[in-house]
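The values are calculated or read from the model by the stated rules, or taken from the named source; none is laboratory data. Everything quoted here is computed from the prediction, not taken from an experiment. Quick reminder, even Gly has a Cβ in these numbers, built from the backbone with ideal geometry, and neighbours come from all protein chains shown. With ligands, DNA and RNA removed, areas are computed over all heavy atoms of the protein, side chains included. Shrake-Rupley method; radii C 1.70, N 1.55, O 1.52, S 1.80 Å.
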Amino acid sequence: MGEPGREQSMEQEPVKEQAQYTPSVQTEFMREKIKQKPVNKKKLLRRTVITAVMAVVFGLVACVTFLILEPVISNRLYPEEEPKEIEFPEETVSEEMKPEDMLVNEEDVEDAIEAVETELVDEQIEEQLEEILSQVEFHLEDYQALYEEMRSLTEEASRAVVTVAGVTSDVDWFNNIYENVASASGVIVANNEKALLILVSAGNLNGADSIEVTFCDQTQIEAELVQKDVNTGLAILSVPLSSIGEETLDKIDIAELGSSNSPNLLGTPVIALGSPLGTGGSVSYGMVTSTGTTIDLPDAAYKRITTDIYGSRNATGVLINLKGMVIGIIDNVNTGNDMSNLLTAYGVTELKRTIEQMSNDKERAYLGVHGADVPKEAVEDTQIDTPAGTYIREIEIDSPAMAAGIQSGDVVTRVGNTEITAYSELLGILQSSKPEDVLTFTLVRQGHEMIVDVTLGNW
C-alpha cells in the first residue's frame, strides 16, 4: 500500500509547462567585418620589377642559346653542302720527244708505213678536191648560208652571255630620288651547285647599291659580288640557283673556256658577243690581228688579243672562235690611242687561274713585282754571264717585295727549293700561295747571289 497523503498532494499541484527559448532578433554582436589588408605598393612594385627583369634575363639567355645552338642543330639535322670548288682543266702543251721515245719496234715501223700510205692517199684526195673547188663558183646564196651558220653559232653561244646592271640611288636638288643604271656584258663561267658564277668587267659597277643580272630570256635576278680583281677590273658575281626558275635554267648555258695560246690563233675568224658596239645584244665578226703583246701588270702577265673589229671604247663582252669557245674577255682599257676603237681582249688562258681564285673566293697573295723572262741570248752569251730566271723590271711602292729588299734589275733564280727559269713559273708559285706565307727568294744582283725572305701580302 502506498502513502495516501502523498498521492493527494501530487494531484492537487498543477503541472508547470517547460519554458521555450526564443532567439533574439538583434544579432549585431555576432557579426564579423573582414577588412582587406592594405596593399604595400613599394613591395608590389619591387616584385613586379624583379619578375620583369627575370623574364628579360631568361629571354636573353634563351635567345643567345638558340642563336648558338641553332646552326649546330640545323647542320646536324640538315647538313648543308659546301659550294663545289671551281677548277678549270689544264691545257695540254706538246712536249719534246725524249731519247727513249725514239726507240721503235717492228710494229711501230709497220704502223708508220701504213700512216705514210694513208697520207699519200689523203694527198691525192686533197689534190682532187682542190681541182674540183677551183671549178666551183660561189654565189650570194652560198655567202648567205655561211652567215646563217655563223648566226646559229652566235645564238647558241649567246645563251651564256648576260647583261649586268649596277643601280645607284641618289637625290637631286629638289630631294627627288632617282636611279643611275650602268650596264656591262658578262658571261656565265661556272656552276658551283649553289649559284651561277658570272665574269664581268666591273668598271661600270663601282659604287652600285644593287646589281641585277638579265639572262638571255630577259629574266632579271639580283646578284651579289663575290670578288674583284684589282689588276684587270674583272669581277665574279653569284646568282643563287634557288632564285632562278626552271624555264630560265633550261634556256641558259655555261660558257666553255677555250685557249688563247694556240699557235694558229693569229688570222683566225672570231665573233664578238655582248656589247662590242657599246649596246647590249650587239654582235660583230672579224679576225685576230695580233697575239704577241703582253699586258704588264703587278704579279701578272696577260696576253692581249687584238682584232680588226671596229667597236666602242666602252665595249664589254667576250670573243669566241668558230667552235663557240671563249678565247678572250673584251676590255679596251689597255688599247693605245692609235687604235682606240679596235676591240682588244685579255687572253682567257692567262685568266683561268685568276677566275678560279675569284670564283672560290680565295684570298690571293701579293708580291708587287713586274717581271719578264731573261732572254735566251743573254743566258747563252758567256760575256754577260746572266742566269736563267725572272728579270725584275719594276717594283710596286710599299709592296712586300720592296719591304724585303728586292730591287729592279734583280734576277730571281729560285723560290724555296723550286728553280725558276721563266716569269710564268714565278707567277704559278704566287697563285698557289696564300697571304702571310713566307717565301725564300734566291736572287742574282750584279753577279752576286743573295737570299731574302718575303712575307706575302693580300690584294
ask   = Using all Cα-Cα distances in the stretch 206-352, what percent lands in each 5 angstrom bin from 0 up to the longest?
value = 2, 9, 18, 20, 20, 16, 9, 5, 1, 0
message = Only four residue types carry charge here, +1 at the Cβ of Lys and Arg and -1 at the Cβ of Asp and Glu. Report the dipole size of the stretch 271-373 about the Cα centre in Debye, rounded to the nearest 20.
response = 240
ask   = Which FRET efficiency, nearest 0.05, do residue 402 and residue 266 yield, Cβ-Cβ r, R0 30 Å?
value = 0.20
message = So if each residue of separation counts as 0.36 nm, and I subtract the Cα-Cα distance between residue 49 and residue 297, what length gain in nm does that give?
response = 82.6 nm
For peptides 224-237, 243-256, sequence by mean Cβ density within 10 Å, most packed first = 224-237, 243-256
task = Would you kindly state how much longer the chain becomes between residue 448 and residue 209 on full extension, computed as 0.36 nm times their sequence separation minus their alpha carbon distance, in nm to one decimal?
result = 80.7 nm
request  = State in Å² the accessible area per residue of the stretch 142-236; use a 1.4 Å probe, count heavy atoms of protein chains only, and round to the nearest integer.
outcome  = 53
ask   = Normalised by the residues of the stretch 134-282, what does the relative contact order come to in percent, with Cα pairs under 8 Å and at least six apart?
value = 23
Pairwise label distance in nanometres, residue 90 with residue 148, each label 7 Å out on the Cα-Cβ vector = 4.5
query = Local charge sum around residue 455 (other residues, Cβ-Cβ under 12 Å, Lys/Arg +1, Asp/Glu -1)?
reply = -2
message = Taking the Cα centroid of the stretch 380-459 and of the stretch 43-70, what is the distance between the two, rounded to the nearest whole Å?
response = 61
ask   = Name the GluC sites (Glu not before Pro) in the stretch 396-452 that are in a loop by DSSP and that have at most 16 other C-beta atoms within 10 Å, would you?
value = 396, 436
request  = Please work out the FRET efficiency for the pair residue 125 and residue 417, using the Cβ-Cβ distance as r and a Förster radius of 51 Å; give the result to the nearest 0.05.
outcome  = 0.40
ask   = Which pairs, out of 251/362; 251/434; 323/352; 194/303, put more than 28 Å between their alpha-carbon atoms?
value = 251/362; 251/434; 194/303
key: Cβ-derived FRET efficiency at R0 41 Å, residue 180 paired with residue 141, nearest 0.05   = 0.30
message = Along the Cα→Cβ direction, 7 angstrom out, place labels at residue 60 and residue 220. What is the inter-label distance in nm?
response = 4.5
